[in-house]
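Read the structure below first, then the notes.
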Amino acid sequence: MLNARPVDGPFRHLRSYANAVLIAVLFAIPWIRLHGDPLVLLDVPARRFHILGLVIFPQELYFLWLLVIGSALALFFFTALFGRVWCGWACPQTVFTDVFAGVARRIEGWKGAQRPKRIAAWRIVLTHVVWIAASAVIGFHLIGYFVSPYQFVADAREGTLHPVAVGFWTVTAGLAYVDFVFLRQTFCKYLCPYARFQGVLFDKDTLVIGYDEARGDPRGKKGTTSGDCVDCGLCVAVCPSGIDIRDGLQLGCIACTQCIDACDGVMERIGRDKQLIAYRTLKGVAGWAGVRPLRARVVAYGILLLCVGGAFGTLLGQRQAMSLHVAHNRDSLYATMPDGRVSNAFTLQVENRERQDRSFRIRLEENQDFDLITGMNPLTVPGTTSLEARVFVVARETGDSPPPRRVRFILEPEDKRSRGLTRETRFLSPGMTHGDG
Ligand code: SF4
Ligand code: SF4
């Protein structure tokens, strides 16, 4: 059941703009390309993560972890300062629920604040058709963060869309429909993990939406009590979570500000001061002093956030433009040639982390008693991709003297724009026991 139509007011207007901007940003991001690469794409099959121009390879997942930790700390930092500002203003759950409710009110032809008692069947059907179409668009853009939307559209046109992609689209669109049409703020109340640990992040100086009990109570019709609240119930009627903010701060309050606009409208009409419900600190609600932004927990979250940002910047600064990973071939650890020499087969994975194609030469460190046999050398690796090369290393000794136990590979860029990389690994030969090396 939809709550009453939100009351016009400054917060409602601001929210409409914020919603429009947020949806535009969320939908635009999968389409934006930076230097030919997606701005954000978590390309799981190719094991590449494109984040704001940075292409993260599987060996660099610490960048992703730092981003996740940094985002969580930023959320803690802003929550400690401004309460549920994320829930009320930026969470896609709130934004899309708002939009879906607005669509329903328009199509169902609401005249007043409440849902009409009778609604024509065609209006209800049309509302669901629009909701389903909107869910399909949301689902498409959501999977656009994992599959390039350009590729998706091209495949759809050619009829070569992979069934898994179609399946993901159907599931995400279905979840969006169920969530924004049926769950709505129930999701915030009972399912959202962020909502559950609000209590830990808040303190007495955190900004919340609060009712000024000292001023509002005792409640009653104008002229019957000394309190300013006329008990009209509008703040409860417009609340998407269905809570009564006059009962104090509750887990279900997503700080959407709709009760502020509603109550301010009432106060204006009856000629009383606005802000009976307003942004205030928990101390403010209790009638104590005002905001105190510099508090221990805010400073602690800020310092941690700076540390994570610093670590990210340092790692980024030290990042190498290429990488070499060496592994023994699993199918044959070593082989003895007819002349008695021992050979090992390796798979070299060469990563080119730059955007342009680069050529790399593979060689063994000099003064080792090994010969290297490769197919293609140098290797040309397209930009932001990796290439695997199978190579053989043959020990020069024959007969009784065992070959050296370590072999060092060197990868050098042909353009000499960066220094070469060295990787050392074991060379296996008959008679070596497990752990020799
Ligand atoms: S109490 Fe007010 S701010 Fe909180 S969810 Fe309800 S309408 Fe939004
Ligand atoms: S909208 Fe304001 S006046 Fe009306 S019940 Fe809520 S707090 Fe009281």
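The values are calculated or read from the model by the stated rules, or taken from the named source; none is laboratory data. If you're wondering where the values come from, they're calculated on a predicted model, not measured in any experiment. Ideal geometry is used to build each Cβ from the backbone, glycine not excepted, and the neighbour counts take in all protein chains shown.
Summary of computed values
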read-out: From the options Gly199, Gly216, residue that is surrounded by 15 or more Cβ atoms within 10 Å (Cβ to Cβ), over 20 Å from Arg15 (Cα atoms) and small (Gly, Ala, Ser); value: Gly216
read-out: Test: residue in region 109-116 that is modelled with pLDDT of 90 or more, under 30 Å from Gly252 (Cα atoms) and hydrophobic (A, V, I, L, M, F, W, C); value: no
read-out: Given (1) farther than 28 Å from Ser16 by Cα; (2) crowded, with 16+ Cβ neighbours inside 10 Å, index of the condition Lys221 fails; value: (2)
read-out: Sole residue being surrounded by 15 or more Cβ atoms within 10 Å (Cβ to Cβ) and not hydrophobic (A, V, I, L, M, F, W, C), chosen from Gly174, Gly167, Gly112, Gly144; value: Gly144
read-out: The one condition in (1) more than 10 Å from ligand 1 (Cβ to nearest atom); (2) not in a helix (DSSP H, G or I) that Leu249 fails to fulfil; value: (1)
read-out: Among residues of region 197-236, those that are within 16 Å of ligand 1 (Cβ to nearest atom), within 30 Å of the chain's Cα centre (by Cα) and closer than 22 Å to Gln93 by Cα, counted; value: 6
read-out: Filter result for the condition that a residue is outside any helix (DSSP H, G or I) and either at pLDDT 95 or above or assigned by TED's automatic domain parsing to the domain that holds Phe182 (or both), over Val164, Val147; value: Val147
read-out: Enumerated strands (runs of 3 or more DSSP E) restricted to region 268-373, each holding at least 3 residues that are more than 30 Å from Val208 (Cα to Cα); value: 322-328, 342-352, 358-364
read-out: Enumeration of residues in region 347-383 that are among the β-branched types (Val, Ile, Thr) and closer than 20 Å to Arg419 by Cβ; value: Val350, Ile362, Thr380, Val381
